[in-house]
Amino acid sequence: MISLYQLNSKIRDLKPYEPLEGDYRIRLDANESFLSLPTNVMSRMMDAFAYTAFNRYPDPLAVDVCRMFAQYHKIRPENVTAGNGSDELISVLMTAFLMKGDTVLTLSPDFSMYRFYSSLVEVKCVDVVKKSDLTIDVDELISVSNQTGAKMILFSNPCNPTSVGLTREQVRKIIRSVSALVVLDEAYMDFWDQSLIQEAEQYDNLVVLRTCSKAFGLAALRLGFAVANQTITAALRAVKSPYNVNSATQSAAAAVLSYPKQLERAIEKIVDSRIALSQGLQQLLKKKPGRFVLYPSCTNFVLIRLADARYVYEKLLAEGIAVRLMGDSLRITAGAPEENTELLAVLEQIL
């Protein structure tokens with residue numbers, strides 16, 4: 001077949017995202033919740049599905065689930081926009097709130113999709129490298145933003161993959177010191193207490209992103225939220241696709257959010273698991289001093305740095321345990337107690 005058409009340079013060499021495939025007995029690689037939804041919550045979801053009009057388009061503003069989300073976080077529903085996962089919202093923010101040639105600031109290391117989306121919308125991406133202990137130099141970030149005339153600063157707090165976070169006051173300093181739109185990805189903030197979600201409407205340059213994939217155990221539904229002031233929210237609702245969150249997702253998530261006490265208990269269990277995993281790794285480090293570096297965590301995972309990270313990663317896979325390889329580090333999701341115990345035992349043997 002003869003064709004004159006060619007893919008453009010920005011997508012020509014891209015490869016689809018390929019999650020780890022295989023039948024592993026313990027999956028600690030994707031930062032998912034290890035908890036299944038309680039029976040009563042599942043029953044409520046099934047009832048919601050039964051009354052869903054599948055022959056009709058979904059509510060374009062996802063009013064019910066936005067209201068439930070707002071109620072859960074004690075914010076106003078008028079400031080909430082629902083998305084097909086927070087990934088979609090990141091893409092929409094990049095596409096609509098930036099012009100070709102604008103500068104966006106990201107941090108390194110951080111969630112890799114930020115730089116990916118910036119390349120698709122053809123904006124200049126400036127990476128601010130974190131300190132050796134993986135913390136953020138707030139003053140440097142502010143300085144670079146102002147020097148480059150950045151239109152957007154985008155970072156996760158707490159950070160994926162480092163598990164390290166900035167305090168409220170540190171983030172407030174960034175917001176108040178720059179003219180850029182600050183997009184604060186709080187995907188893991190359910191496991192910490194430094195959220196700015198209740199302050200989002202006070203700023204004219206802040207968007208807070210949240211997800212239902214981690215703490216709420218709804219990764220399969222793909223649902224995220226953006227919280228901002230009325231002006232930004234109106235613009236975001238105007239530029240997103242009309243029916244971006246399907247009816248089944250809206251109904252199911254609204255059902256889950258109607259059980260706030262059970263959600264809080266689930267979060268407590270996940271945090272307890274992460275604490276237990278961190279303590280287990282600290283004990284292992286005492287037996288194997290200097291063998292790896294363990295970073296403090298305020299998320300549902302931990303990060304360890306090893307000189308032979310790939311070797312250890314492949315040995316764990318051979319034992320049926322999947323974690324995430326991140327260069328010279330391993331990101332390990334907090335699992336069920338028995339999964340943590342098995343991971344620690346096998347890791348000790350490998351080391």
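The values are calculated or read from the model by the stated rules, or taken from the named source; none is laboratory data. Every value quoted in this text rests on a predicted model; they were computed, and no experiment measured them. For neighbour counting, all protein chains shown are included, and Cβ atoms are generated from backbone atoms with ideal geometry for every residue, glycine included. Accessible surface is based on the protein model in full, side chains and every heavy atom, while ligands, DNA and RNA are left aside. Shrake-Rupley method; radii C 1.70, N 1.55, O 1.52, S 1.80 Å.
Regarding the range 325-335, can at least one residue be identified that is farther than 30 Å from residue 50 by Cβ, assigned to a helix (DSSP H, G or I) and in contact with a Leu (Cβ under 7 Å, 6 or more places away or on another chain)? There is no residue in the range 325-335 that is farther than 30 Å from residue 50 by Cβ, assigned to a helix (DSSP H, G or I) and in contact with a Leu (Cβ under 7 Å, 6 or more places away or on another chain).
Among the residues of the range 258-269, some residue qualifies, meaning at least one is in a loop (DSSP other than H, G, I, E, B) and among the polar types (S, T, N, Q). Selection of first residues in the range 88-107 that are closer than 16 Å to residue 184 by Cβ and touching a residue at least 12 places away in the same chain (Cβ under 8 Å) and of second residues that are among the small types (Gly, Ala, Ser) and open to solvent by 10 Å² or more (accessible area, probe 1.4 Å), restricted to Cβ pairs under 8 Å at least 6 apart or on distinct chains, gives the following pairs, ordered by first then second residue: 97/235.
Scanning the range 96-141 for residues that are open to solvent by less than 50 Å² (accessible area, probe 1.4 Å), assigned to a helix (DSSP H, G or I) and in contact with a strand residue (DSSP E or B) (Cβ under 7 Å, 6 or more places away or on another chain), we see that the one that is farthest from residue 166 (Cα to Cα) is 118. Of all the criteria given as (1) small (Gly, Ala, Ser); (2) surrounded by 15 or more Cβ atoms within 10 Å (Cβ to Cβ); (3) touching a helix residue (DSSP H, G or I) at 6+ places or on another chain (Cβ under 8 Å), the one not satisfied by residue 266 is (3).
Here 275, 304, 270 are screened, and the one residue that is under 30 Å from residue 46 (Cα atoms) and of a type in the set (A, V, I, L, M, F, W, C) is 270.
Would you point out which residue out of 317, 343 is open to solvent by less than 10 Å² (accessible area, probe 1.4 Å), in contact with a Gly (Cβ under 8 Å, 6 or more places away or on another chain) and at pLDDT 95 or above? Matching residue, one of 317, 343: 343. Residue by residue through the range 145-156, note down the ones that are open to solvent by less than 30 Å² (accessible area, probe 1.4 Å) and more than 23 Å from residue 17 (Cα to Cα). Selection gives 145, 150, 152, 153. Can you find a residue in the range 167-180 that is touching a Lys or Arg at 6+ places or on another chain (Cβ under 6 Å) and within 24 Å of residue 297 (Cβ to Cβ)? No, there is no match, as no residue in the range 167-180 is touching a Lys or Arg at 6+ places or on another chain (Cβ under 6 Å) and within 24 Å of residue 297 (Cβ to Cβ). Select from the range 25-34 the residues that are in a loop (DSSP other than H, G, I, E, B) and open to solvent by 50 Å² or more (accessible area, probe 1.4 Å) and list them in ascending order. Answer for the range 25-34, where residues must be in a loop (DSSP other than H, G, I, E, B) and open to solvent by 50 Å² or more (accessible area, probe 1.4 Å): 25, 32, 34. I'd like the full set of residues that are open to solvent by less than 10 Å² (accessible area, probe 1.4 Å), part of a loop (DSSP other than H, G, I, E, B) and either within 16 Å of residue 205 (Cβ to Cβ) or among the hydrophobic types (A, V, I, L, M, F, W, C) (or both), limited to the range 158-174. Listed by number, the residues that qualify are 159, 166. Within the range 37-59, restricting attention to residues that are among the aromatic types (Phe, Trp, Tyr) and assigned to a loop (DSSP other than H, G, I, E, B), the residue that is most open to solvent (accessible area, probe 1.4 Å) is 51. If I filter the range 60-71 for residues that are in contact with a helix residue (DSSP H, G or I) (Cβ under 6 Å, 6 or more places away or on another chain), of a type in the set (Asp, Glu) and part of a helix (DSSP H, G or I), do I get at least one hit? Scanning the range 60-71 turns up at least one residue that is in contact with a helix residue (DSSP H, G or I) (Cβ under 6 Å, 6 or more places away or on another chain), of a type in the set (Asp, Glu) and part of a helix (DSSP H, G or I). Just one of the listed residues (15, 10) is in contact (Cβ under 8 Å) with a residue 12 or more places away in the chain, among the charged types (D, E, K, R) and open to solvent by 50 Å² or more (accessible area, probe 1.4 Å), namely 10.
Conditions tested, residue by residue: (1) under 30 Å from residue 344 (Cβ atoms); (2) over 20 Å from the mean Cα position of the chain (by Cα).
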site	(1), (2)
231	no, yes
245	no, no
257	no, no
261	no, yes
265	yes, yes
268	yes, no
273	yes, no
276	yes, yes
279	yes, yes
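On inspection, residue 302 qualifies as crowded, with 18+ Cβ neighbours inside 10 Å, over 30 Å from residue 77 (Cβ atoms) and in contact with a strand residue (DSSP E or B) (Cβ under 6 Å, 6 or more places away or on another chain).
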